[in-house]
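The values are calculated or read from the model by the stated rules, or taken from the named source; none is laboratory data. Everything numeric here is computed off the predicted structure, so don't read it as measured data. All Cβ positions, even for glycine, are placed from backbone atoms using ideal geometry, and neighbour counts span all protein chains on display.
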Amino acid sequence: MIIYNVTIKVNHSIAAAWLTWLKDEHIPDVTGTGCFNHATILHLIEADDEEGMTYAVQYHAESKGLYNRYIEIFADEIRKKGIEKWGNQFIAYRTVMQVVN
């Protein structure tokens, strides 16, 4: 199992609307590629929220090959949609992890 973790700091001014968009549009777009079987949204509770709320979204893929497929075919277009909608009101960091147990 591969977890594609995206940690996002979102400006307070868009946080509520962004979270709705994340749930209703972005995550369905990502999971709709068939590369991930589900996603979990987390709010980081020990993060410095002075400049914005911090969330992590963990997308679960059955294999590294499916994750690679997402990156090679779908990621650029899906990321572009988020930037077009929200501009520089958020920043995202991405990591890839493998489940050990």
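Quick check on my filter: what residues within region 65-74 are charged (D, E, K, R) and surrounded by fewer than 12 Cβ atoms within 10 Å (Cβ to Cβ)?
Once the filter is applied, which keeps residues that are charged (D, E, K, R) and surrounded by fewer than 12 Cβ atoms within 10 Å (Cβ to Cβ), region 65-74 yields only E72.
Could you list, in sequence order, the residues of region 75-101 that are exposed (fewer than 14 other Cβ atoms within 10 Å of the Cβ), β-branched (V, I, T) and touching a residue at least 12 places away in the same chain (Cβ under 8 Å)?
Of everything in region 75-101, those that are exposed (fewer than 14 other Cβ atoms within 10 Å of the Cβ), β-branched (V, I, T) and touching a residue at least 12 places away in the same chain (Cβ under 8 Å) turn out to be I91, T95, V99.
Please go through region 1-24 and pick out each residue that is surrounded by fewer than 14 Cβ atoms within 10 Å (Cβ to Cβ) and either more than 30 Å from N101 (Cα to Cα) or among the hydrophobic types (A, V, I, L, M, F, W, C) (or both).
M1, H12, S13, A16, A17, T20, D24
When region 27-74 is examined, which residues are found to be in a helix (DSSP H, G or I), of a type outside the set (D, E) and without any contact (Cβ under 8 Å) to a residue 40 or more places away in the chain?
Hits for region 27-74 are I27, P28, T31, G65, N68, R69, I71.
Tally the residues that are among the aliphatic types (A, V, I, L, M), at pLDDT below 95 and surrounded by 11 or more Cβ atoms within 10 Å (Cβ to Cβ), restricting the search to region 26-54.
Going through region 26-54 one residue at a time, the tally reaches 3.
Residues of region 75-96 being polar (S, T, N, Q) and either more than 13 Å from the chain's Cα centre (by Cα) or assigned to a helix (DSSP H, G or I) (or both), which ones?
Hits for region 75-96 are N88, Q89.
Any chance region 49-58 includes a residue that's small (G, A, S) and within 17 Å of M97 (Cα to Cα)?
Yes, region 49-58 contains at least one residue that is small (G, A, S) and within 17 Å of M97 (Cα to Cα).
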